[in-house]
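The values are calculated or read from the model by the stated rules, or taken from the named source; none is laboratory data. Predicted model only: the values in this text are computed from it and were never measured. No Cβ is skipped: glycine too gets one built from the backbone with ideal geometry, and neighbour counts run over all protein chains shown. Just so you know, the surface numbers come from the protein's heavy atoms only, side chains and all, with ligands and any DNA or RNA stripped out. Shrake-Rupley method; radii C 1.70, N 1.55, O 1.52, S 1.80 Å.
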Amino acid sequence: GEDVEQSLFLSVREGDSSVINCTYTDSSSTYLYWYKQEPGAGLQLLTYIFSNMDMKQDQRLTVLLNKKDKHLSLRIADTQTGDSAIYFCAETPTSGYNKLIFGAGTRLAVHP
Amino acid sequence: GAVVSQHPSWVICKSGTSVKIECRSLDFQATTMFWYRQFPKQSLMLMATSNEGSKATYEQGVEKDKFLINHASLTLSTLTVTSAHPEDSSFYICSARDRRELNYEQYFGPGTRLTVT
């Protein structure tokens, strides 16, 4: 089946690194995504990784993909208060490349 | 680039009336648009896939006659919630794929908050 799971909440101190984890069930997923949603707003694509990669870095963001364990993580270095938001992991399943299957979202709270 | 707009951003309607939400791709053409529904503090649930010039594909459990989707052009899809009821109150988000891109990326609109009284 198609399922994406995330922990629901993460609290970090400003300046520390944040690591948000995600597991998925479709081993043939082509792309995996991280989206950010601020209160009352739509989703902003942060980064994505193709399934044949195991790491992607983009400024403060590092994505790690472990295909064997079907585990995806997003690391935010030097976390700032502006990073407080909900982060969604998503995959494109083999049942429909047009679709996105979202996790429940991880609420990141950054405190001083 | 790759901007998607939604109109209205919020709407309040009375139970039994219909409300139309527009989703536009502003600087690209989208053969495929998607409609999602998000309940408070929950994830996005795909409602339907809207294909330009053809009928929408609805996800299991979504009533076609209640949530009417029209994708009449390469830049506009509309979602009409017919005979709305309070349980239809939700945050509706659309997304669009750029027909030129091959990475299946979806660009999301800012969402429309519907409140049915």
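Using Cα pairs closer than 8 Å and at least 6 residues apart in sequence, work out the relative contact order for chain B, in percent.
On the way: 301 pairs, mean separation 43.1, N = 117.
Averaging sequence separation for qualifying contacts and normalising by length gives 37 percent for chain B.
Given +1 on the Cβ of Lys and Arg, -1 on the Cβ of Asp and Glu, and no further charges, what dipole in debye does the range A:1-77 carry about its Cα centre, rounded to the nearest 20? If you can, show how the numbers build up before the last one.
On the way: 8 positive and 10 negative charges, 47 e Å.
Here the size comes out at about 220 debye.
Pairs of alpha-carbon atoms within less than 8 angstrom and 6+ residues apart define the contacts here; what relative contact order does chain A have, in percent? Show your work: numbers first, answer last.
Details: 281 pairs, mean separation 42.2, N = 112.
Worked out over chain A, it gives 38 percent.
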Next on the checklist: Give me the net charge for the shell around A:GLU14: Cβ to Cβ below 11 angstrom, other residues only, Lys and Arg +1, Asp and Glu -1.
Outcome noted: -2
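In nm, what is the difference between 0.36 nm times the number of residues separating A:ASN66 and A:PHE50 and their Cα-Cα distance?
Values: separation 16, 0.36 × 16 = 5.76 nm, distance 1.18 nm.
Working it through step by step, the gained length comes to 4.6 nm.
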Item to check | Average projection area in nm² (convex hull over Cα atoms of chain B, one quarter of hull surface) | outcome: 7.0
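How many partner chain Cβ atoms sit within 10 Å of a residue's Cβ in peptide A:39-49, on average, as a whole number?
On the way: counts 0, 6, 7, 16, 11, 3, 6, 0, 0, 3, 0.
Across A:39-49, the average partner-chain Cβ count within 10 Å equals 5.
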Item to check | Alpha-carbon spread of chain A, three principal axes, descending order, Å | outcome: 43, 29, 20
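Give me a single rounded figure for B:38-45: the average over its residues of other chain Cβ atoms within 10 Å of their Cβ.
On the way: counts 5, 0, 0, 5, 3, 11, 12, 2.
Partner-chain Cβ atoms within 10 Å, mean over residues of B:38-45: 5.
Give me the accessible area buried between chains A and B, both sides summed, with a 1.4 Å probe, in Å² rounded to the nearest 100.
Details: alone 6090 and 6600 Å², together 11060 Å².
Summing both chains' loss of accessible area gives about 1600 Å².
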Next on the checklist: Taking each residue in B:106-112, count the Cβ atoms of any other chain within 10 Å of its Cβ, then average. What number comes out?
Outcome noted: 5
Next on the checklist: Give me a comma-separated list of calculated 3J(HN,Hα) values for the range B:22-36, in order, Karplus coefficients 6.51, -1.76, 1.60 applied at θ = phi - 60°, integers in Hz, x for any Gly or Pro.
Outcome noted: 9, 10, 10, 8, 8, 9, 7, 9, 10, 6, 10, 10, 10, 10, 10
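Which entries of B:LYS14/B:LYS41; B:LYS20/B:LYS41; A:LYS67/B:LYS55 have Cα-Cα distances beyond 31 Å here? Let's see the in-between values first.
Details: B:LYS14/B:LYS41 24 Å; B:LYS20/B:LYS41 24 Å; A:LYS67/B:LYS55 36 Å.
A:LYS67/B:LYS55, as the Cα separations exceed 31 Å there.
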